[in-house]
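Data first, discussion second: the structure below is written as structure tokens.
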């Protein structure tokens, strides 16, 4: 047979008799100091994430532009000058005002190809300056354009 549980006192007169109330003057300014320690790294990480996202978007857009230019240059009824004009028009529409240089050329390899080349400088919102990026896309020509 188990023992009955002890009864708790009903009055709360001496429940908190040994507890001290903390003096809040010791913690004054600690929230501001903690915020100051966390704000700078948080801002830098946020700016870096935005920078990375912008550069991924720009790179994807310009890769698509290079493929489009190479496809346009490979068509049977397109001359080299028309392809180069198309490349300049595509680069003029680069996102966020990125200064991109687009070129189209025909090259003879084992098979004649149209090669589009896009060169640009990625954005840098912090201190790091990335290298120049060169994107090349090649598509086989529909007909030999010699």
Quiz item: In the stretch 75-112, what residues are under 17 Å from residue 137 (Cβ atoms) and in contact (Cβ under 8 Å) with a residue 40 or more places away in the chain?
Solution: 75, 80
Quiz item: Being more than 30 Å from residue 46 (Cα to Cα) and part of a strand (DSSP E or B), is that true of even one residue in the stretch 81-92?
Solution: no
Practice problem: Would you be able to say whether some residue in the stretch 39-60 is surrounded by 14 or more Cβ atoms within 10 Å (Cβ to Cβ) and over 19 Å from the mean Cα position of the chain (by Cα)? | Solution: no
Quiz item: So how many residues does the stretch 103-146 have that are in contact with a strand residue (DSSP E or B) (Cβ under 8 Å, 6 or more places away or on another chain), part of a loop (DSSP other than H, G, I, E, B) and surrounded by 11 or more Cβ atoms within 10 Å (Cβ to Cβ)?
Solution: 5
Self-check item: Selection from the stretch 55-72 of residues that are without any contact (Cβ under 8 Å) to a residue 12 or more places away in the chain and either more than 18 Å from residue 83 (Cβ to Cβ) or in contact with a helix residue (DSSP H, G or I) (Cβ under 8 Å, 6 or more places away or on another chain) (or both)
Solution: 56, 60
Exercise. Sort out which residues of the stretch 70-102 are buried (at least 16 other Cβ atoms within 10 Å of the Cβ) and under 24 Å from the mean Cα position of the chain (by Cα), and write them in order of number.
Key: 90, 91, 94, 98, 100, 102
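We did not get these values from a lab; they are worked out from the coordinates using the rules stated. Every value quoted in this text rests on a predicted model; they were computed, and no experiment measured them. Here the Cβ is made from the backbone with ideal geometry for all residues, glycine too, and neighbour counts use every protein chain on show.
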